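Written out below as structure tokens is the structure these notes cover.
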Amino acid sequence: MIRYYNQGNKLTFSNRIKLIKPSSTMALTSKANEMRQNGEDVLVLTVGEPDFDTPDYIKNAAKDAIDAGLTKYTSVDGTPELKKAIIGKFERENNLSYQPDEIIVSAGCKQSIFNMLQVLIDEGDEVLIPEPYWVSYADMVIYAGGSPIMLHTSYEENFDISMIELESKISDNTKLLMINSPNNPSGKYFDRKTLESVADVLQRYHENIYISSDDIYEHIHWHQEKFHNIVNVCPDLKDRTIVLNGVSKAYSMTGWRIGYAAGNADIIKRMKTLQSQSTSCASSISQAAACAALTFECKELPQMKAEYKKRHDFVVEHLNKINGVLCKETDGTFYVFPSFKDYIENNESLKDDKDLAMFLLNEAKVAVVPGSAFGLDGHIRLSIAIDMKSLETAISRITSILS
Ligand code: GLU
């Protein structure tokens, strides 16, 4: 007989797990997929997952790895071959130089971020996060015992971080600033000038604050400036910056689960200790595939990027035609993050962006993520990592239901 953990008995859960909620992107995607399985014609614009297949040269490297018997545990921090490929990638694409003990491979960039927070954050520590932020940042910080401290931005002010606010939110407890550029969900790229101002604040007075630079959308970037992260802009911050990246988004490899972190060898060593006690290592076969992805030229990448840009232009143009909707052009990523504030305000049956997302799901059969999941109410995030035909149908359904 199955006994459930419920009323009256003494079997309880940790206090930690009660503090966090399921990831909204994952939860809404499961709900939409469930509706599809039940025969409903739902278009899923929730999850940020490229619709393209993983390129053949990458899949072939995985098949070769299986045939060669590379099916065992690897070193906790990744195979020497993959770490070499990551170091080569940083040199070639980012002009950054790392040693093998400054790199760790994990099961996705998400695990790298989680491990980093577990290693750096203690009870009472504060972590600065610009809004809007990727759904998991805040919960991961809370799970590590820290407090997320948001830096407010707005659609009207182009999602720019205010340096005055940054300064004012720094306290003796501030441990880390989390940067994600191009940003999920806004598509905003923090240009050189912005990063220089952030670096200036951190360098002048605050030498005990770490920085994380989540560069996962580096290759899906169409800002006029070449991609830079904060270490490129201010090399003096390298020792206290953890650069996070992975192969999921650029190479259409979400299910392979390979991400990595680069930073000071002491931090990486501790992330390795944690990983040795949790997952041991990332999948050996996926590591071989990621090694190929990062070593050889990916001819499909420019085509995928061009396709995302085409979809972006289409969606931005059409959403802006709906009364009460404002949709900014992004600098990259495969998301758009329009403001529906006026639309919601002028519509009595909608209380907020969550209501709007439910309305779109139930009435238009289009699944999207409410902006409040990313810390900005009144917005909706649409993933454009879906084929153009489905996207056209989704936009036409949204337009007709809202007009
Ligand atoms: N990062 C993607 C997203 O924001 C994948 C889902 C997730 O892990 O949140 O949709």
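The values are calculated or read from the model by the stated rules, or taken from the named source; none is laboratory data. Everything numeric in this text was worked out from a predicted model, so none of it was measured. Backbone-built Cβ (ideal geometry, glycine too); neighbour counts: all protein chains shown. Just the protein is used for accessible areas: all its heavy atoms, side chains included, with ligands, DNA and RNA removed. Shrake-Rupley method; radii C 1.70, N 1.55, O 1.52, S 1.80 Å.
A compact table of results
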{"read-out": "Where labels lie 7 Å past Cα in the beta-carbon direction, separation of LYS169 and ALA68 in nm", "value": "4.6"}
{"read-out": "Three-way shape call for segment 299-362 based on the alpha-carbon gyration tensor, with the a/c threshold at 1.5", "value": "prolate"}
{"read-out": "Rounded accessible area of HIS318 (nearest 10 Å², 1.4 Å probe)", "value": "60"}
{"read-out": "Carbon plus sulfur fraction of accessible area for segment 217-310, probe 1.4 Å, in percent", "value": "51"}
{"read-out": "Cubic angstrom per residue, convex hull over Cα atoms of segment 116-245", "value": "99"}
{"read-out": "Restricting segment 298-399 to GluC sites (Glu not before Pro) in coil, as DSSP defines it, with at most 13 other Cβ within 10 Å", "value": "GLU329, GLU348"}
{"read-out": "Vicinal HN-Hα couplings computed from phi for segment 394-403 (Karplus, 6.51 cos²θ - 1.76 cosθ + 1.60; Hz; Gly/Pro x)", "value": "4, 5, 5, 5, 4, 4, 6, 6, 8, 8"}
{"read-out": "Phi to ³J(HN,Hα) by Karplus 6.51 cos²θ - 1.76 cosθ + 1.60 over segment 302-315, Hz, x for Gly, Pro", "value": "x, 5, 4, 4, 4, 5, 4, 5, 4, 5, 4, 4, 4, 5"}
{"read-out": "PHE159 long-range amide H proximity, modeled H, under 5 Å", "value": "SER154"}
{"read-out": "Global form of segment 183-273, assessed from the alpha-carbon gyration tensor, a/c cut-off 1.5", "value": "oblate"}
{"read-out": "Restricting segment 125-157 to GluC sites (Glu not before Pro) in coil, as DSSP defines it, with at most 11 other Cβ within 10 Å", "value": "GLU156, GLU157"}
{"read-out": "Accessible area expressed per residue, the chain, with surrounding protein chains retained (probe 1.4 Å, Å²)", "value": "46"}
{"read-out": "Subset of LYS59/LYS89; LYS110/LYS351; LYS72/LYS272 violating a 22 Å alpha-carbon distance limit", "value": "LYS110/LYS351"}
{"read-out": "Options SER403, GLY48, LEU176, ranked by Cα towards positive dipole end of the chain, top entry (Cβ charges)", "value": "GLY48"}
{"read-out": "Cα centroid separation, segment 129-172 to segment 182-200 (Å)", "value": "13"}
{"read-out": "Distance between modelled label sites at LYS10 and HIS206, nm, 7 Å Cα→Cβ extension", "value": "4.6"}
{"read-out": "Links that overshoot a 29 Å alpha carbon limit, given the list LYS84/LYS193; LYS21/LYS389; LYS193/LYS309", "value": "LYS84/LYS193; LYS21/LYS389"}
{"read-out": "Length released on extending from ILE17 to ASP41, taking residue separation times 0.36 nm less the Cα-Cα span", "value": "5.2 nm"}
{"read-out": "Fraction of accessible area attributable to carbon and sulfur, segment 353-400 (%, probe 1.4 Å)", "value": "52"}
{"read-out": "Förster radius 22 Å - calculated FRET efficiency between MET388 and GLU225 (Cβ-Cβ, nearest 0.05)", "value": "0.20"}
{"read-out": "Cα gyration tensor, segment 10-154 - rounded (a/c under 1.5), prolate or oblate", "value": "oblate"}
{"read-out": "Solvent accessible area, Å² - SER400, 1.4 Å probe, full protein context", "value": "80"}
{"read-out": "Over the chain - Rg/Rh using Cα atoms and the Kirkwood inverse-distance radius", "value": "0.96"}
{"read-out": "Distance between modelled label sites at SER396 and GLU348, nm, 7 Å Cα→Cβ extension", "value": "3.3"}
{"read-out": "Segment 1-87: trypsin sites (Lys or Arg not before Pro) in DSSP coil with no more than 14 other Cβ atoms inside 10 Å", "value": "ARG3, LYS10, LYS72"}
{"read-out": "Hz values of 3J(HN,Hα) by residue in segment 163-178 - Karplus curve (6.51, -1.76, 1.60), Gly and Pro given as x", "value": "5, 5, 5, 4, 4, 6, 8, 6, 10, 5, 8, 5, 10, 8, 10, 9"}
{"read-out": "Nearest-20 debye value, segment 261-387 charge dipole, Cβ charges on Lys, Arg, Asp, Glu", "value": "560"}
{"read-out": "Surface share of carbon and sulfur [accessible, 1.4 angstrom probe, percent] for segment 1-118", "value": "53"}
{"read-out": "Relative contact order, percent, segment 194-317 [alpha-carbon distance under 8 Å, six or more residues apart]", "value": "21"}
